[in-house]
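One structure below.
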């Protein structure tokens, strides 16, 4: 009674290669998009809060809030341009939507 090697592996052993492949492909796509965006000339000044390969493209716009949260946690006072960073709490959009009902 010899089955195929794939049939005798546990479920995670069959799923793991697909998950790893999806992870690697998604990271390659992200890096490609960032490199393309960094190379494009834009009609406006690009805001960036860190400099270096890939960091310039990944640290613009809302990144100032995420970088601040990662470095110092959430703040009660406005962080940047009069805006607070607690709106980036993971459950904030759900709580905001549920408060409308």
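The values are calculated or read from the model by the stated rules, or taken from the named source; none is laboratory data. A quick note: this is a predicted structure, and the numbers were derived from the prediction, not measured. Positions of Cβ are backbone-derived with ideal geometry, glycine not excepted, and every protein chain shown enters the neighbour counts.
Assess whether residue 57 counts as being assigned to a helix (DSSP H, G or I) and at pLDDT below 80. Against the criterion (assigned to a helix (DSSP H, G or I) and at pLDDT below 80), residue 57 qualifies.
Only residues that are surrounded by 14 or more Cβ atoms within 10 Å (Cβ to Cβ) and part of a helix (DSSP H, G or I) were counted in segment 68-80, giving 2.
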